[in-house]
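What follows draws every value from the coordinates through simple rules; no lab data is involved. A quick note: this is a predicted structure, and the numbers were derived from the prediction, not measured. Heads up, the Cβs are rebuilt from the backbone with ideal geometry, glycines too, and the neighbour counts pull from every protein chain shown.
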Amino acid sequence: MRFVKKFENKMFAQKPRDLLRFAAFVTIVVLWLPACMLVRPKVSEEKPVPEQLPESTVDTEYYATVETPARFQGNDINAFLTYLRKNIKYPVNALRKSQQGTVAVQFGVNWDGKVEVFSVLKSSGYKLLDQEVVRAIGSSPAWEPAQHQKKRVGQLFTVQVSFHARTRKIEVK
């Protein structure tokens with residue numbers, strides 16, 4: 001026994017077995033599709049980090065060299081580099097994809113000691129790596145501001161971070 005179906009003035013013959021398979025497929029799709037839509041995979045809640053954080057609303061002059069440099073928690077820039085080594089984590093998705101590269105970020109410590117990320121000078125080519133460096137710098141605690149000609153001023157810094165996928169190491173300079 002064959003069923004004949006007419007489509008655009010053409011005749012197509014289908015076997016009952018094929019129709020039963022198609023009916024079973026449609027039934028499965030109709031029953032399982034709504035259930036699949038309700039189940040969502042759990043994704044770690046990664047907050048999106050902008051490449052550039054907003055600049056301060058107060059006008060701050062930034063200097064590359066000052067009489068008294070800004071100090072991180074009472075210490076020099078090496079203490080900040082140590083802080084970054086502890087707080088920069090290799091993004092899991094970047095590690096899975098063997099993404100590696102070097103990120104150079106210029107940031108400023110403004111007149112009241114707050115860290116402001118200005119720009120990624122050199123991108124690694126991978127957004128996850130760039131965002132991780134910006135996140136770590138942006139979450140830094142307040143610094144003691146720099147002083148120049150007996151007034152508090154902003155100071156510019158540049159940090160370079162290298163991610164190595166094979167060894168899973170992160171170098172901060």
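In terms of distances greater than 29 angstrom between alpha carbons, the cross-link table entries LYS127/LYS151; LYS114/LYS150; LYS89/LYS150; LYS89/LYS151; LYS86/LYS151 yield LYS127/LYS151; LYS89/LYS150; LYS89/LYS151; LYS86/LYS151.
Ordering of 107-116, 75-84 by packing is 107-116, 75-84, highest average first (other Cβ atoms within 10 Å, averaged per residue). Over all distinct Cα-Cα pairs of the range 92-143, the Kirkwood formula returns a hydrodynamic radius of 11.8 Å. For the pair THR167 and ASN75 in one chain, pulling the backbone fully straight at 0.36 nm per residue adds 30.1 nm over the alpha carbon distance.
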